1. Hey, can you tell me all the residues within the range 54-84 that are surrounded by 15 or more Cβ atoms within 10 Å (Cβ to Cβ) and not in a loop (DSSP other than H, G, I, E, B)?
2. Report, by residue number, each residue of the range 36-52 that is loosely packed, with under 13 Cβ neighbours inside 10 Å and under 20 Å from Gln87 (Cα atoms).
3. Just to be sure I understand, how many residues within the range 16-35 are buried (at least 17 other Cβ atoms within 10 Å of the Cβ) and either modelled with pLDDT under 95 or of a type in the set (S, T, N, Q) (or both)?
4. Within the set of pairs 6 or more residues apart or between chains, which connect a residue that is more than 15 Å from Leu17 (Cα to Cα) inside the range 32-47 to a residue that is basic (Lys, Arg) and surrounded by fewer than 18 Cβ atoms within 10 Å (Cβ to Cβ) with Cβ atoms less than 7 Å apart?
Amino acid sequence: MSLKSKGHPESFAELALPLEEGEVVTYEWTAEGEVDFNIHSHHGKEVDYHEKFRGSELHGRFEGPGKDHFYLMWQNRSPEPVEIEIQVSR
C-alpha cells in the first residue's frame with residue numbers, strides 16, 4: 001500500500017491495520033519536514049503506544065503483539081504543510 005498525504009499544520013494522518021498475533025508489517029515513509037510518528041492501539045479509553053518517533057523519515061517493521069487493531073499515525077506539528085509519502089506492506 002502506498003499513500004501520499006499533505007499534512008496541514010497540526011493535522012494528522014492515521015492508518016488502521018488489523019493484525020493477528022505475530023503478523024508483521026513493514027513501513028517506510030519520508031516527509032518534507034519533521035513529523036511525529038507513532039504506532040498505537042486503543043483499549044477502551046486507554047491508548048497503548050508501541051512505538052514513537054519524531055523525524056523526517058523512517059524504515060521499520062512492527063510485529064503484532066496480539067490480535068488487535070493497530071494504528072500508524074503521523075502528525076504535523078509545524079506551522080507549514082508537510083507532504084508525507086508512506087509505503088506499508090504485510
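The values are calculated or read from the model by the stated rules, or taken from the named source; none is laboratory data. Quick caveat: nothing in here was measured; it's all calculated off a predicted structure. No Cβ is skipped: glycine too gets one built from the backbone with ideal geometry, and neighbour counts run over all protein chains shown.
1. If the condition is that a residue be surrounded by 15 or more Cβ atoms within 10 Å (Cβ to Cβ) and not in a loop (DSSP other than H, G, I, E, B), then Leu58, Phe62, Asp68, Phe70, Tyr71, Leu72, Met73, Trp74, Gln75, Val82, Ile84 are the ones that fit.
2. Passing the criteria: only Lys52.
3. Filtering the range 16-35 for residues buried (at least 17 other Cβ atoms within 10 Å of the Cβ) gives 17, 19, 25, 27, 29, 31, 35.
Remaining after also requiring either modelled with pLDDT under 95 or of a type in the set (S, T, N, Q) (or both): 31, 35.
Summing the residues that are buried (at least 17 other Cβ atoms within 10 Å of the Cβ) and either modelled with pLDDT under 95 or of a type in the set (S, T, N, Q) (or both) in the range 16-35 gives 2.
4. That search, which allows pairs on different chains as well, returns Glu34/Arg54; Asp36/Arg54; Asp36/Arg77.
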